[in-house]
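Report on the following structure.
The values are calculated or read from the model by the stated rules, or taken from the named source; none is laboratory data. A quick note: this is a predicted structure, and the numbers were derived from the prediction, not measured. Positions of Cβ are backbone-derived with ideal geometry, glycine not excepted, and every protein chain shown enters the neighbour counts.
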Amino acid sequence: MKAAVVVAAGGVVPEYQDFPEPEAGQGQQIVELVATAIHPVVRAKASGGHYSSTGQFPLVPGVDAVARTADGTLVYTGDVEEPWGTFAERMAVTMALPLPDGTDPVAVAAGVNPGMSSWMPLTAHADEHGTPDTVMILGVTGAAGGLAVQNAQALGVRRVIGVGRGADDLKRVAALGAETVDITGDKDADAAAIGAAFHGHAPDLVLDFLWGGAAEAAFQALAHLPGSATSYVEIGSVVGEQAAVPASLLRSRPFRLSGSGIGSFDMRRYFTQVAAYVQLIADGKVKVDAQAYPLSRVSQAWTAPAGPRPVLTTH
């Protein structure tokens, strides 16, 4: 079969070439690719640098997809056993969640992975504490950040404060309904700007896609804000892998710090929430920005300038 193949670690661009056919194991079925997206986690795993990378090459990248079963049903699927991945004409899968009729497969392929990164902690907070009144999104200008704004609004959050860089990107986020804070990388100035946005009351939930120095600026701001308990969820580390957490912040107020990623999820809850999130996309309650490319043009899609999420299709 044809597939996108990474031949070695180190950020090599995938090439469209032949790859061995997958074989279905017990409880699996062979499905045919319809659409699969080039997410940041896909790039990281393909480079060999992600915490979940196995170091096995040659490798077919891809973590999730919309595929067609033997009876023609469109399904959301993923978790393909390496060295196979979803960037291939066929894959052996266990999970196969049927899509609602009329759902755009490109939107689902592009939206589930980045959208679930915030949907899981948002719904977990709602289940445990009720819908948060105020949510801060650190790193709001990326695809995942924009979906986090929409996800919070879909759950009924009253105030969404988006923190990021770039006037044009922040205008786009503001158009989604978020209040915005422009940061510069100057920790003290960023802390002051973040703190001022909350008008003297701490947020209920922070979703952090940046970590590093940006998180340290947020910690500095939160340390001076009164309010009820704050849950701080680390999701991404675009700015840096390390961030210093002030001891005083942990001792001076109810503050809970945790991480959110596939390794930390209760998978039964995850599968339930994936179905709910696919329905949100199908209903048009969240809008996903995507650009489709044929699988055969994977190298072009992989190296495309920043913009809509690239999605590989077979049609």
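Take the residues of region 38-73 that are crowded, with 22+ Cβ neighbours inside 10 Å and at pLDDT below 90: which is nearest to residue 274 (Cα to Cα)? If we take residues in region 38-73 being crowded, with 22+ Cβ neighbours inside 10 Å and at pLDDT below 90, then 45 is nearest to residue 274 (Cα to Cα). Among the conditions (1) modelled with pLDDT of 95 or more; (2) over 23 Å from residue 131 (Cβ atoms); (3) under 18 Å from the mean Cα position of the chain (by Cα), the only one that residue 207 does not satisfy is (2).
Residues that are of a type in the set (Val, Ile, Thr) and in a strand (DSSP E or B) within region 60-82 comprise 66, 75, 77, listed in sequence order. Consider region 162-182. How many of its residues are in contact with a Ser or Thr (Cβ under 7 Å, 6 or more places away or on another chain) and closer than 16 Å to residue 197 by Cβ? Total satisfying the criteria: 6. Can you name the residue in region 18-31 that is outside any loop (DSSP other than H, G, I, E, B) and in contact with a Lys or Arg (Cβ under 7 Å, 6 or more places away or on another chain) and is also surrounded by the most Cβ atoms within 10 Å (Cβ to Cβ) among such residues? Top of the filtered list is 31.
Confirm whether residue 233 is modelled with pLDDT of 95 or more and within 19 Å of the chain's Cα centre (by Cα).
Values: modelled with pLDDT of 95 or more: yes; within 19 Å of the chain's Cα centre (by Cα): yes.
So residue 233 fits the description; yes.
Counting the residues of region 192-211 that are buried (at least 20 other Cβ atoms within 10 Å of the Cβ), in a loop (DSSP other than H, G, I, E, B) and free of Cβ contacts under 8 Å to residues at least 40 places away in the same chain gives 0. Summed over region 210-249, the residues that are in contact with a Leu (Cβ under 8 Å, 6 or more places away or on another chain) and aliphatic (A, V, I, L, M) give a count of 12.
Of all residues in region 1-16 being in a loop (DSSP other than H, G, I, E, B) and of a type outside the set (A, V, I, L, M, F, W, C), which is nearest to residue 300 (Cα to Cα)? Checking each candidate, the answer is 14. For beta carbons closer than 8 Å, sequence separation of 6+ or different chains, a first residue in region 220-232 that is free of Cβ contacts under 8 Å to residues at least 60 places away in the same chain and a second that is surrounded by fewer than 16 Cβ atoms within 10 Å (Cβ to Cβ) and of a type in the set (S, T, N, Q), the qualifying pairs are 223/248; 223/252; 232/258.
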